[in-house]
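The values are calculated or read from the model by the stated rules, or taken from the named source; none is laboratory data. No experiment lies behind these values; they were computed from the predicted model shown. Every residue, glycine among them, receives a Cβ derived from its backbone with ideal geometry; neighbour counts consider all protein chains shown.
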Amino acid sequence: MMTFKQTTGLIICSAMLFAAPAQAQFFVFENPLVGKQAPDFTASTLNSGKISMSQFRDGQSAIIFFWATWCPHCRKQLKELAEKKQELTQKGIKIILVDIQENAQQVKGYMDKNRIDYEVFLDEDQSIAENFGIVGVPTFFFLNKDGVIKAVEHEIPSDYEKILAQK
């Protein structure tokens, strides 16, 4: 059974995706962090204990993906990331998964069942999502090598490398 917050998140996520044809009629929210240094955070992970995002990123360009196992659009995007893992690694792009409001057992079960081999930061109290101004999932933050947020998207764009290369 989904919680109120999960239901609200699903409604927001669905509204954003289904409103795309009429997007010109809606105000598009731009995250105020674009162009700024990404907020650092330290959180428990599925496999590495507590670690900071900057330590995990280790000076590489990164894609931070905020998601939840109950979100169908998140699952689709996560599958795409899993399929691109080798390509992204070879290009020096670090993937930082941040699961929102789920416990380690739920997330590990999902990752194991779907054979997805990424480290996952656990944002059980939603504090990381709040610091990033997340309004719905899926949400991707694209960080250049300096840790500056170059774009915020709700899916992986085909020109992600161009976004990450921006100075």
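The table below gives the values:
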quantity	calculated
Residue match in the stretch 130-152 (condition: under 19 Å from Lys84 (Cβ atoms), among the acidic types (Asp, Glu) and surrounded by fewer than 21 Cβ atoms within 10 Å (Cβ to Cβ))	no
Residue check for Glu130: touching a residue at least 12 places away in the same chain (Cβ under 8 Å) and among the acidic types (Asp, Glu)	no
Top-ranked residue in the stretch 60-119 [being hydroxyl-bearing (Ser, Thr, Tyr) and outside any strand (DSSP E or B); ranked as surrounded by the fewest Cβ atoms within 10 Å (Cβ to Cβ)]	Thr89
Exclusive hit being under 14 Å from Ala38 (Cα atoms), at pLDDT 95 or above, out of contact with any Pro (no Cβ under 9 Å at 6 or more places or on another chain) and of a type outside the set (Gly, Ala, Ser), set Asn144, Asn114, Asn103	Asn144
Scan of the stretch 124-152 for residues that are assigned to a helix (DSSP H, G or I) and of a type in the set (Asp, Glu), ordered by number	Glu130
Pairs with Cβ under 6 Å, 6+ apart, first in the stretch 89-102 and touching a residue at least 24 places away in the same chain (Cβ under 8 Å), second of a type in the set (Asp, Glu) and buried (at least 18 other Cβ atoms within 10 Å of the Cβ)	Val98/Asp123; Ile100/Asp123
